[in-house]
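The values are calculated or read from the model by the stated rules, or taken from the named source; none is laboratory data. Since the model is a prediction, treat every value here as computed from it, not as a measurement. Cβ placement follows ideal geometry from the backbone for every residue including glycine, while neighbour counts extend to all protein chains displayed. The area values use the complete protein model at the heavy-atom level, side chains included, leaving out ligands, DNA and RNA. Shrake-Rupley method; radii C 1.70, N 1.55, O 1.52, S 1.80 Å.
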Amino acid sequence: MFTLNLIPSTPITFSKSTHQYFPIKRIQTPKNLAESPVFLTKSTPLNFNKIHACPFGKIQALSTKTTHLGKILENPSRKAGSHVPKAAASSESNPEGEAESVEAAAAAKSKAKTLQLALVFGFWYFQNIVFNIYNKKALNVFPFPWLLASFQLFAGSIWMLVLWSLKLQPCPKITKPFIIALLGPALFHTIGHISACVSFSKVAVSFTHVIKSSEPVFSVVFSSFLGDAYPLKVWLSILPIVLGCSLAAITEVSFNFQGLWGALISNVGFVLRNIYSKRSLQNFKEVNGLNLYGWISIISLFYLFPVAVLVEGSQWVQGYQQAIQTVGKASTFYIWVLLSGIFYHLYNQSSYQALDEISPLTFSVGNTMKRVVVIVSTVLVFRNPVRPLNALGSGIAILGTFLYSQATAKKVSAPEKKS
């Protein structure tokens, strides 16, 4: 055993094995230090008289820190933080990696949005095509549009009641002011719906849709009478619509005045419904489009069905028997009527859902293309003869509708940017 008397009153004893691992010289200050470390400053000089109470394990740790600090002072050109262990340095975030991950997430989100938009438009177009085909098939053998239009509103009302009862769709709070506010829009919706059905029963589906593409003309005219101002671009955009519809009407093979007036009155009804809805339902913005349409369908049914009974109720039994004889199977006729009712509501439901998901401009463009798809589909299914001038007029009218949607979208977006 060896004894080192650092302090006369406090001897410290080592064993040989301990001495070789903890040599005393390791606690000495390195010679190459430019200045004393923090713990060896002038204010706190190293006093070996105070070491007598410290175990030599702490002395070793202290010397290790001193040696490490000496290495830093030997090479002052080392970058700050370069003495950090590699494991810690590797855990730091990589800006390039983060940018790439953000771009990948944005690309995935964009693809998902595009897929969702494609599905919304796909269902909307498909449901509209199915409705127009089976609605026309039913009207060809059962030419009673008042009853068929009433059944379509009935099917939509039952559909919404099922959604509300099963809590698949939140039911809006029903109040007396809300019902009163819906009476006007529901009345104009009834007029628009029955007029369209009358037109479908008298002329080809394609011709009805060409005439219904003139709805923007009525919208601009009625809105202007009520005080809305439109720029010159909007007024110019409706000129091709008027020209195209006129050319299509005079060259239509299945032209019928009742069919023409039915389509025009339908445009008036739906335009007034939209205008009146904006004014009367301003205090009920918490009701979403689907619920609003559901209640409009229910109230429209109460408007339409009593009038339908008065107009053509006495002919329904005889017309039903003739329809069954023409089709051959009662089940086939039932399927046609049922599909026309279900898909009438579904395509309107999809249109409201599409309007919630996309901008008004995209919706207007999609609605314009929807008419093109429906016209082409019904011409192919029913093999309606189409003259070249008739096709040209239809194309001009559709083009005018597209230009109108572009012009009005710019008019609407300008106040939004200012706000």
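Descriptive notes on the structure:
- Taking θ as phi - 60° and the Karplus parameters 6.51, -1.76 and 1.60, the scalar couplings of segment 156-163 work out to x, 5, 5, 4, 5, 5, 5, 4 Hz in sequence order, x denoting glycine and proline.
- Segment 122-411: relative contact order in percent, alpha carbon pairs under 8 Å with at least 6 residues between: 41
- Note on segment 198-227 and segment 305-346: Cα centroid distance 26 Å, given to the nearest whole angstrom.
- J(HN,Hα) series, segment 123-140, from Karplus relation 6.51 cos²θ - 1.76 cosθ + 1.60, nearest Hz, glycine and proline x: 5, 4, 5, 4, 5, 5, 5, 4, 4, 5, 5, 6, 5, 5, 4, 5, 6, 5
- Sequence-separation-based contact order of segment 137-276, relative, with Cα cut under 8 Å and 6+ spacing, percent: 38
- Each peptide among 273-284, 163-174, 313-324, 137-148 gets the average number of other Cβ atoms lying within 10 Å of its residues, and from highest to lowest they stand as 137-148, 273-284, 313-324, 163-174.
- Entry comment: accessible area of segment 122-411 is 48 Å² per residue, from protein heavy atoms only and a probe of 1.4 Å.
- The portion of the accessible surface of segment 248-312 made up by carbon and sulfur, rounded to a whole percent, is 67 (1.4 Å probe; DNA, RNA and ligands excluded).
- Apportionment of accessible area to carbon and sulfur, segment 138-204, percent (1.4 Å): 75
- By average C-beta atoms within 10 angstrom, highest first, the peptides 297-308, 325-336: 297-308, 325-336
- Cross-link check: pairs Lys167/Lys278; Lys173/Lys278; Lys202/Lys370 evaluated at a Cα-Cα cut-off of 24 Å; pairs beyond the cut-off: Lys167/Lys278.
- Under Karplus coefficients 6.51, -1.76 and 1.60, residue-wise ³J(HN,Hα) of segment 168-175 in Hz, glycine/proline x: 7, 9, x, 7, x, 6, 8, 10
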